[in-house]
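Trainee: Structure incoming, see below.
Throughout, read-outs are computed from the coordinates displayed, never taken from laboratory work. Here the structure is a predicted model, which is why all the values come from computation and not from measurement. Cβ: placed from backbone, ideal geometry, glycine included. Neighbour counts: every protein chain shown.
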Amino acid sequence: MELAEYDTMAQLEECDWWYRTLRRMVCKALEPLDHHAPSSRILDAGCGTGGGLRALAHAMPSRAWIGLDGSPAALRHAARRQTAPLVQGSVMRLPFKENTFDAVLSLDVLCSVGVEESAALREVHRVLRPGGWLILNLPAFESLR
């Protein structure tokens, strides 16, 4: 992405319907995790400029949130927005030990240019604890209407 696009994304994450709706859906999807791991560790793999990570961490403060993104520009925005730990890295080579997370989020990431889906999914599987959850989304192509 161009540097200016990160500025736009950071602004839109605050008010755009897409980001707000996505956060609500993720919160709802994570609710059952309270019964299995109420103080769970969750990785936002591809946290971008951090608006979603901040909102989710605020909505679910008992969880330990960590954000990861490959872009230093995105992480600079994210660092200004929250206190969750941030890590620069690739979803295809996650810099975490095996069985680290109770859940991993991958929101609009696997479709990104340069991401090899199979490598990213292998890495997610590696860092998830047994019984861990992957919550992901991908954009729908206009041709699917």
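Trainee: Which whole-number percent is the relative contact order of the chain (Cα, under 8 Å, 6+ apart)?
Mentor: 21 percent
Trainee: Under 10 Å from the Cβ of A45, count the other residues' Cβ atoms, weight Lys and Arg +1, Asp and Glu -1, and hand me the total.
Mentor: Result for the neighbourhood of A45: -3.
Trainee: For every other residue with a beta carbon closer than 15 angstrom to the beta carbon of L33, add +1 if it is Lys or Arg and -1 if Asp or Glu, then tell me the sum.
Mentor: Residues near L33 contribute 0 overall.
Trainee: Oh, and also: Give me the net charge of S90's neighbourhood, meaning all other residues with Cβ under 12 Å from the Cβ of S90; Lys, Arg count +1, Asp, Glu -1.
Mentor: -2
Trainee: For the pair A119/D16, report the inter-label distance in nm, with labels modelled 7 Å from Cα in the Cβ direction.
Mentor: 2.6 nm
Trainee: Sticking with this structure for a sec: Calculate for the chain the 222 nm mean residue ellipticity that helices alone would give, adding -39,500 (n - 2.57) per DSSP H run of length 4 or more and normalising by residue count, nearest 500 deg cm²/dmol.
Mentor: Taken over the chain, the calculation gives -12500 deg cm²/dmol.
Trainee: Using a 7 Å offset from the Cα along the Cα-to-Cβ direction at both L134 and Q88, what is the distance between the two label points in nm, to one decimal?
Mentor: Once both label points are built, they end up 2.7 nm from each other.
Trainee: Let me ask you something else. Give the residue list of GluC sites (Glu not before Pro) in segment 1-80 that are DSSP loop and have at most 13 other beta-carbon atoms within 10 angstrom.
Mentor: When the GluC sites (Glu not before Pro) of segment 1-80 are filtered for loop state and at most 13 Cβ neighbours within 10 Å, E2 remain.
Trainee: Further, regarding this structure: Just subtract the alpha-carbon distance of S39 and C27 from 0.36 nm times their residue separation and send over the number in nm, one decimal.
Mentor: That works out to 2.9 nm of additional length.
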